[in-house]
Amino acid sequence: MANELILIVEDNEKNRKLVRDVLQFKGYKTIEAETAEAGIQLALTASPALILMDIQLPGMNGIEALGQLRANPATRAIPVIAVTASAMTHDREKIMAAGFDAYQRKPIDIKEFLAVVREVLDRSMTHT
Ligand code: MN
């Protein structure tokens, strides 16, 4: 089943549209935020099943946002996938060390992206 609610935190309109279209085509419901601050608020009010987090955002970055989500019992258990243009190995390591559930680079590989989304959702459901 692919009808879960997914929160997309991404400041770039084109990237946001691509991810939205790909997810909605698969049957997922989506909500969106253009900043980490707005994303954290939406995570609290909408309780998404999964968050896709851009790393480079205006204001708070995606790694700081993950820290705030994990620090709050209301959002701690929501899985978060980092989606970032930085493809350098040490960046990937830094991102995974921050505690993200998975990592996808931009531009997304649609097939791989959808597989990782599904895998992280399935993994998180077995924990709740
Ligand atoms: Mn960005």
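Okay, here's what the table says:
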read-out: Residue list for segment 6-27, given a label point 7 angstrom along the Cα-to-Cβ vector of I110 and an amide N cut-off under 17 Å; value: 14-27
read-out: Gaussian network model of the chain, springs between alpha carbon atoms under 10 Å - residue of D21, D11, D54 with greatest fluctuation; value: D21
read-out: Loop trypsin sites (Lys or Arg not before Pro), segment 31-128, which have at most 12 other Cβ atoms in a 10 Å radius of their Cβ (DSSP); value: R76
read-out: Dipole moment magnitude, nearest 20 debye, the chain about Cα centre, only Lys, Arg, Asp, Glu C-beta charged; value: 240
read-out: Value of [θ]222 nm, deg cm²/dmol, for the chain, DSSP H segments ≥ 4, -39500 (n - 2.57) each, nearest 500; value: -14500 deg cm²/dmol
read-out: Distance cut-off 19 Å, percentage of C-alpha pairs in segment 5-127 lying past it; value: 40
read-out: Added length on full extension, which subtracts the Cα-Cα distance from 0.36 nm per residue, A74 to N3; value: 23.4 nm
read-out: Cα-based shape type of segment 45-106, given that a ≥ b ≥ c are square roots of the gyration tensor eigenvalues and the cut on a/c is 1.5; value: prolate
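Since every read-out is calculated from the coordinates, none of them should be taken as a lab result. Quick caveat: nothing in here was measured; it's all calculated off a predicted structure. Every residue, glycine as well, gets a Cβ built from its backbone with ideal geometry; the counts of neighbours run over all protein chains shown.
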